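Here is the structure we will look at, set down as structure tokens.
Read the figures in this text as sums done on the coordinates, not as results from a lab. A quick note: this is a predicted structure, and the numbers were derived from the prediction, not measured. Glycine gets a Cβ as well: all are built from the backbone with ideal geometry, and neighbour counts include every protein chain shown.
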């Protein structure tokens, strides 16, 4: 009989120093945990790691990665276009097999307590793991980012962490730890450097602006191009093809075209519409490397700890 599996997709606030990212990922190596994917983005200054395994092992792996990130990332010096409150910014737990979302809430709570007990990193719980209704949305937790939150915890009791604190870690900030369904991180690049157009489109399509259900979006300048960076939180309710068409049509109103697409991390088989227009926009798409169910059969090798790492 197959064992229960959960996924964890920690996001770290480092994408410019590959040796630091590799050191964090290497620290996450735990027996029973498979490394499915990791990627870094220098403009966002952010890395995303995908691991899968039995719950106890995955919790330990994620916590170790956050601890190593706290050693290697100083948020007082870190800059990037992506919002962040911590060195290990978000740590979501996702049910994969024979595990419920409610179980993942408990795993998130365990991980959060370990982060504080072991490394002194305060924690905010979000999405299904939120301990308060005003923290269900990650963007509400991250309001003001590290710098704003660092000051707000002294002025507003409502902004203090769920675990630990009240002060943030002086250099590693805080971590948002959550439980959620599968999320697709999807970016579209416009054939322009005019980021104002990307921001206008993002405002129109995101759910908080009255756009598409379950869509979070922001417009940024990445790699010299205007990018619409999106999270699709329920691809069954709002398929990627619908999101793509909405961006394409709104971009046309601004007189620009979509140049290319990008997936950060993995995508479920059920969401991969192989002959669709949006999938043809990827410069490279290897189903064996980017589809979750296939990647489970052949995970990536764990990197070694870089020798002589300087921070």
Sum -39500 (n - 2.57) across every DSSP H segment of at least 4 residues in the chain, then divide by the residue count to get the 222 nm mean residue ellipticity, nearest 500. -9500 deg cm²/dmol
Reciprocal of mean inverse Cα separation for region 184-280 (Kirkwood radius, Å): 13.1 Å
Starting at 0 and stepping by 10 Å, how many percent of the alpha carbon pairs of region 5-179 end up in each bin? 11, 43, 37, 9, 0
Under a point spin-label approximation (7 Å from Cα along Cα-to-Cβ), what is the residue 132-residue 252 distance to one decimal in nm? 4.6 nm
With N residues in the chain, Rg(alpha-carbon) / (2.2 N^0.38 Å) equals 0.96
So how do 148-158, 22-32 stack up, highest first, on mean other-Cβ count within 10 Å? 22-32, 148-158
In whole angstrom, note down how far apart the Cα centers of region 58-134 and region 171-234 are. 20 Å
Mind ranking 37-47, 174-184 by how tightly packed they are, going by the mean number of other C-beta atoms within 10 angstrom, highest first? 174-184, 37-47
Would you list 7, 273, 19 from fewest to most Cβ contacts within 10 Å? 273, 19, 7
If contacts are Cα pairs under 8 angstrom and at least 6 residues apart, what is the relative contact order of the chain in percent? 18 percent
